[in-house]
Amino acid sequence: MSDIADRVKKIVVEHLGAEEDKVVENASFIDDLGADSLDTVELVMAFEEEFGIEIPDDAAETIQTFGDAVKFISEAS
Amino acid sequence: MFDLTGKRALVTGASGGIGGAIAKALHGAGATVGLSGTRVEPLEALAAELGDNAHVLPCNLSDAAAVDALPKDAIAAMGGLDILVNNAGITRDQIFMRMSDEEWQSVLDVNLTSSMRLCRGVMRPMMKARWGRIINISSIVGATGNPGQVNYAAAKAGMVGMTKSIAYEVASRGITANAVAPGFIATAMTDKLNDDQKAAINTKIPAGRMGTPEEIAAAVLYLASPEAGYVTGTTVHVNGGMAML
């Protein structure tokens with residue numbers, strides 16, 4: 001697993017209190033990992049901070065799964 | 001009792017009677033205050049009076065870009081932002097039949113839309129801090145209505161609905177959002193009334209007198225305090241009994 005994926009996973013596990021083995025490519029933050037809509041906003045804020053990037057609101061809305069987040073951040077950073 | 005040491009508060013309309021009293025009360029409890037308003041001179045005078053931990057942050061609330069920049073400016077000046085008091089307001093009174101779109105829109109823009117923009121601008125730092133206080137200064141007329149103030153009453157009632165909805169969304173993050181609804185308060189605006197007009201108003205107030213800016217500030221101070229952490233989505237009416245809601 002890439003370095004980015006590891007760092008994203010760490011944030012997701014810490015923030016949502018999700019079990020690490022459930023944070024897989026297609027895991028939806030809301031449907032599978034117990035996030036509410038406010039959690040997803042906070043995750044995006046945490047990603048921005050960790051990776052020093054800006055994630056605009058319209059892009060943030062497309063980040064629904066762990067895989068989405070890794071893909072977006074890999075392309076942005 | 002209420003200790004705000006280390007908290008940073010942004011107060012709009014701080015050049016006015018109520019806003020100035022709010023800034024003084026928060027500062028007196030130990031908060032660092034950001035004084036916002038359009039008129040720089042009274043803001044500078046207030047900052048000088050308060051001494052340390054007071055920052056002047058001029059802003060024209062009818063300018064959307066300036067409003068969006070204000071929370072960032074406040075954070076840059078104070079190192080963070082824990083308390084937002086949306087106090088600034090304007091009136092453009094007119095009987096409804098003659099009310100122009102411009103009179104309607106300008107009051108909605110400054111009183112309601114700018115408050116929304118500022119609330120939105122402080123969400124991120126407050127969410128991160130897991131602590132925040134939003135206090136929106138509404139008005140008794142938002143609840144009771146008032147002839148000649150269709151625009152103002154709509155904006156002030158709008159603030160209450162906005163405040164409650166924000167309170168719902170962020171309560172789990174340690175952020176509270178409340179409104180304070182003043183009745184008739186003695187300020188520069190009411191000083192212009194003659195004695196007969198004042199007497200006529202006072203007959204409608206069970207307390208028999210107008211309120212003071214300090215009495216509004218006291219309600220704001222409470223809502224800003226750590227002690228008020230379980231109070232959210234409410235409107236505190238401070239009106240001498242004029243409307244018992």
Checking the range B:148-194 for trypsin sites (Lys or Arg not before Pro) in a loop per DSSP with at most 16 other beta-carbon atoms within 10 Å yields B:Lys192
With all protein chains present, the range B:1-73 has a carbon and sulfur share of its accessible area (1.4 Å probe) in percent of 49
With a 1.4 Å probe and ligands and nucleic acids left out, the total accessible area lost when B pairs with A, in Å² to the nearest 100, equals 700
In whole percents, the bins of 10 Å from zero upward hold the Cα-Cα pairs of the range B:1-41 as 35, 50, 15, 0
Between the Cα axis of helix B:114-129 and the main Cα principal axis of chain B, the angle (0 to 90°, nearest 10) is 30
Result for the protein assembly as shown: accessible area per residue, probe 1.4 angstrom, in square angstrom, of 48
Distance in Å, no decimals, from the C-alpha centre of the range B:1-59 to the one of the range B:79-142 is 17
Buried by partner chains in the range B:167-191 (accessible area down by at least 40 Å² vs chain alone, 1.4 Å probe, heavy atoms, protein only) are B:Arg173
Contact-by-burial set, the range B:112-146, min loss 50 Å², accessible area of protein heavy atoms with 1.4 Å probe, reference chain alone, gives B:Arg124, B:Met127, B:Lys128
Averaged over the residues of A:36-47, the number of partner chain Cβ atoms within 10 Å of each residue's own Cβ comes to 2
Rounded to the nearest 10, the angle in degrees between the Cα long axis of helix B:150-170 and the longest principal axis of the Cα atoms of chain B comes to 30
In the structure shown, of A:Lys10/B:Lys164; B:Lys24/B:Lys128; B:Lys7/B:Lys192, the pairs separated by more than 30 angstrom at the C-alpha atoms are A:Lys10/B:Lys164; B:Lys7/B:Lys192
GNM of chain B, Cα pairs under 10 angstrom: of B:Arg124, B:Arg92, B:Arg133, the biggest fluctuation goes to B:Arg124
Excluding residues fewer than 8 positions from A:Lys22 in its own chain, the aspartates and glutamates with Cα under 14 Å of it are A:Asp6, A:Glu14, A:Asp31, A:Asp32
Eigenvalues of the alpha-carbon gyration tensor of chain B, times 5 and square-rooted, give semi-axes in Å, largest first, of 27, 20, 19
So the carbon and sulfur contribution to the accessible area of the range A:1-76, 1.4 Å probe, in percent, is 45
Mean-square fluctuation maximum in Gaussian network of chain B, Cα pairs under 10 Å, restricted to B:Glu102, B:Glu44, B:Glu169, hits B:Glu102
Among B:Leu57, B:Leu193, B:Leu35, the residue with the largest mean-square fluctuation in a Gaussian network model of chain B built from Cα contacts under 10 Å is B:Leu193
Inverse of <1/r> over all distinct C-alpha pairs of the protein assembly as shown, i.e. the Kirkwood Rh in Å, gives 21.3
Per-residue ellipticity at 222 nm attributable to helices in chain B (runs of n ≥ 4 DSSP H, -39500 (n - 2.57) apiece, nearest 500 deg cm²/dmol) works out to -14000 deg cm²/dmol
Note on the range B:8-237: contact order normalised by length, alpha-carbon pairs under 8 Å, 6 or more apart, percent, works out to 20
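The values are calculated or read from the model by the stated rules, or taken from the named source; none is laboratory data. All values reported here derive from a predicted model rather than from experimental measurement. For neighbour counting, all protein chains shown are included, and Cβ atoms are generated from backbone atoms with ideal geometry for every residue, glycine included. When the accessible area is computed, the model is the full protein with side chains, heavy atoms only, and any ligands, DNA or RNA have been set aside. Shrake-Rupley method; radii C 1.70, N 1.55, O 1.52, S 1.80 Å.
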